[in-house]
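This report concerns only the one structure given below.
Read the figures in this text as sums done on the coordinates, not as results from a lab. Because the structure is predicted, anything quoted here is derived from the model rather than measured. Heads up, the Cβs are rebuilt from the backbone with ideal geometry, glycines too, and the neighbour counts pull from every protein chain shown.
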Amino acid sequence: MLELFLGILTAMGGFVEIGELTFAVNAGSKFGYGLLWVAGVGTVGIIVYGEMAGRVAAVRGQPVFNLIRERVGFDAGLVTLVAAVAVNVLTCAAEIGAIALVWQLFVDWPYRAWVAVAFGFLVLVVWVLPFQWIERVFGLGGLLLVVFLVIAVMEVPDLGEVGAAFVPRVPALESTQEYLLYAYYTVALLSSIMLPYEVYFYSSGAVEDRWKPSDVRRNRLIVVVGFVLGSLLCAALIIVGSQFFAPRHIEPQLPGVVATSAAAHFGVAGLLIAIAGMFFAFAGAAIETALSAAYGIAQFFGWPWGRFRPPREASRFTITWLAVFALATAVILTGVDPVSVVEYSIVFSVVILPLTYLPLLLVAGDRRVMGEYANGPIARVLGWLYMGIVTVAALAAIPLLILTHGGQG
Amino acid sequence: MGVGLSIAGALGLATFVVVSGKPQSTLYITLGELRSRAAESLEIARATAASRLTPNFVRAQAAQLVPRIASLRDALADAHDGAADARTARPLSERLLALTQELAEHADTPSAARPIERELSGIVERLVPLARSARPG
């Protein structure tokens, strides 16, 4: 029971990272509650595919990249792998940059010095801590972001309007450019909630934790309850954007600016809680993206992998995650803005979503492979519905990125 | 294989466009960002004046805003479209940059932040209609 409870809290606390924080608050600031429905749609989507990934891992012991190679073949699988690793490196770079920005708010060292410290810290944590501890420390620490849920309530939003905003609709906007920007935010917010690394990490984690078919029910509860609670955080960030930042004409890019909303309500204590929550959320995401890239490469090429093995037994896997951290740190040390990096990584992520999710959908629905644990009618219908949604989003993502000047307007 | 190549091609094309293009080539985007950065500086000054932030937070957060404001000021200096709006916004961006630098360097106490807050409030009031009128449509 405690395991289940911790699993749910970890899933909730690990739901938000720098991309979702930025997009959700900006979505609220630019469009009010107009994108709340995307949080709902995205949450159901990540529940559907997260549940499938956990179930396949529990029943077959196979994580996502094993399935990708098995189902789409080596060539298409390799392109998916390269794109997924590139997106993971970019996302990891953005999270490392965001950690440095957040640490600067505590101690005024130069940004690049904090980037280097963040690199050392992350490597040390992954090297020293067992897998479950990594999940729990950063997942539970990320729960400090619940402060934004409290702020959203204290901002006294119109609950009728909030409820109505979960029904998909396009609001009346002033110009074609604004409609394009709205479409861009729809795709980006959906992508930030359904980020593929979350599924790679979740399914690999299930194998790391040695889940068995008897864990299928636990998997379902963790995914449904944890992700729904996590999506409440996302919705809260949209509401804070709409209620707190929009009237002040702020479209925040920096995590510290988002934290000023906590200071406005709770003073210095609120500020420190918000910043600490961001640190845990960003560090957790940095670790998950680096490990996801290493998991993907090792699983695709059939190398021994897993944090449960000593580094010497999984040397190529270990070298890969170390290399991902190093590469991501090098990217951010060039001086590129982490907020810009995360925006592009999130939009590029949506492009690879269909190729990540299709093999999963095919395997999870295959009775010869999954037996009694194959997709039921609800998972089948939702799975194909979301395959359609992410395919449309994938096709629209790049044109929208270009037409909106990189999402700026 | 075809699908994979399409993905790689799309990512490559987008990267090329993003890297080779100037995302802030349109004035309304620059003005919208400037308004937001000014409002962010104002929020920090206001919270500092109300003793809701730690001194280190004020210095570091304002210092993080400075290069972003400087790049917007430079973009305005290069702007040729909507020349009148750009002319109006240039001195505001200069003053915003100076005030944010002041916050970053030695205005982390409530008494030092109050005059900055007042001036930033005036800048935001002028930038809001400017950014709105520059928007297309």
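If you plug each phi of segment A:372-385 into the Karplus form 6.51 cos²θ - 1.76 cosθ + 1.60 with θ = phi - 60°, what whole-Hz ³J(HN,Hα) values come out, in order, with x for Gly and Pro?
Result, rounded to whole Hz: 5, 8, 5, 3, x, x, 5, 4, 5, 5, 5, x, 6, 4.
With r defined as the distance between the Cβ atoms of A:THR391 and B:ASP74 and R0 fixed at 45 Å, what FRET efficiency is calculated, to the nearest 0.05?
E(calc), rounded to 0.05, equals 0.65.
At 7 Å along the Cα-to-beta-carbon direction for both B:VAL128 and A:ASP366, put a label point, then send me their distance in nm to one decimal.
5.9
Picking from A:PRO377, A:ILE134, A:THR176, whose Cα lies most toward the positive end of the charge dipole for chain A (charges on Cβ: Lys, Arg +1; Asp, Glu -1)?
Comparing the listed Cα positions along the dipole, A:PRO377 ranks first.
On a full-extension model of 0.36 nm per residue, what is the gain between A:LEU2 and A:ALA113, subtracting their alpha-carbon distance, rounded to one decimal in nm?
My answer for the length gained is 36.0 nm.
Using r as the Cβ-Cβ distance of A:TRP133 and B:ALA84, and R0 as 51 Å, what FRET efficiency do you calculate, to the nearest 0.05?
0.30
Explain nothing, just the number: dipole magnitude of chain A about its Cα centre with +1 on each Lys and Arg Cβ and -1 on each Asp and Glu Cβ, in debye rounded to the nearest 20.
On the way: 21 positive and 25 negative charges, 229 e Å.
That gives a dipole near 1100 debye.
Rounded to whole Å, give me the distance from the Cα center of segment A:127-184 to that of segment A:187-254.
If we compute the Cα centre of each part, the gap is 9 Å.
Between A:SER315 and A:SER175, how many nm apart are label points set 7 Å from Cα along the C-beta direction?
So the two model labels end up 6.0 nm from each other.
Whole angstrom only: what separates the Cα centroid of segment A:259-301 from the Cα centroid of segment B:65-98?
Here the answer is 33 Å between Cα centres.
With +1 on each Lys and Arg Cβ and -1 on each Asp and Glu Cβ, and nothing else charged, work out how big the dipole of segment B:26-134 is about its Cα centre, in Debye to the nearest 20.
Dipole magnitude for segment B:26-134 comes out near 220 debye.
When chain A is treated as a GNM, springs tying every alpha-carbon pair under 10 Å, which of A:TYR49, A:TYR373, A:TYR33 comes out with the largest mean-square fluctuation?
Result for chain A, Cα springs under 10 Å: A:TYR373 fluctuates most.
Would you mind computing Rg(Cα) / (2.2 N^0.38 Å) for the protein assembly as shown, counting N as its residues? Before the final figure, lay out the partial values.
Working: Rg = 22.8 Å, N = 546, 2.2 N^0.38 = 24.1 Å.
Dividing the Cα radius of gyration by 2.2 N^0.38 Å gives 0.94.
Give the average over all directions of the projected area of the C-alpha convex hull of segment A:192-283, one decimal, in nm².
Orientation-averaged projected area of the Cα hull: 7.3 nm².
Output ³J(HN,Hα) for segment A:219-225: one whole-Hz value per residue in order, computed from phi by the Karplus curve 6.51 cos²θ - 1.76 cosθ + 1.60 with θ = phi - 60°, and x for Gly and Pro.
In residue order, the calculated couplings are 4, 4, 5, 4, 5, 5, 6 Hz.
Tell me the net charge near A:THR260. Cut-off is 14 Å between Cβ atoms, A:THR260 excluded, with +1 for each Lys or Arg and -1 for each Asp or Glu.
Values: positive: A:ARG248, B:ARG37, B:ARG46, B:ARG52; negative: A:GLU155, A:GLU251, B:GLU40, B:GLU43, B:GLU117.
With Lys, Arg at +1 and Asp, Glu at -1, the net is -1.
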